[in-house]
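Working notes for the structure below.
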Amino acid sequence: MTSADAPLVPRIETITFRIESHSDTVMPAPALTPFAAEDRARVSPAELDVVTLKAPAQSDDGETVPAGATGTIVAVYGDAVAFGVEFEAPRHALATVYRHQIGSYRRAG
């Protein structure tokens, strides 16, 4: 039997990813689908929306932003799994806030 006569057999490849955990905050990956941003805007907070925390968050400077603090979303990470939020009170801070930490939000504008 020659290679031309050999039956076609599908080739299956396995791709393995290794995920490492670091003490530094790692931002989620960008959206992978072209429509993710449009879909996300309908059901999730978006840039410039105002959020209120239901759970404390850690600021980029390592300070704790308490539950009940209100801030403005300045960045959306991944498919809206996390947000860069700027807080003015009780102290000025920037923090990465995850969806489970947000109690409520209101649309900008």
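The numbers here are math on the coordinates, done by the rules we state, and not lab data. Because the structure is predicted, anything quoted here is derived from the model rather than measured. Here the Cβ positions follow ideal geometry from the backbone for every residue, glycine too, while neighbour counts run over all protein chains shown.
Tabulated data
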quantity: Scan of the stretch 69-109 for residues that are of a type in the set (Gly, Ala, Ser), over 17 Å from Ser44 (Cα atoms) and part of a loop (DSSP other than H, G, I, E, B), ordered by number; calculated: Ala69, Ala89
quantity: Matching residues, the stretch 65-97, being loosely packed, with under 14 Cβ neighbours inside 10 Å and β-branched (Val, Ile, Thr); calculated: Val74
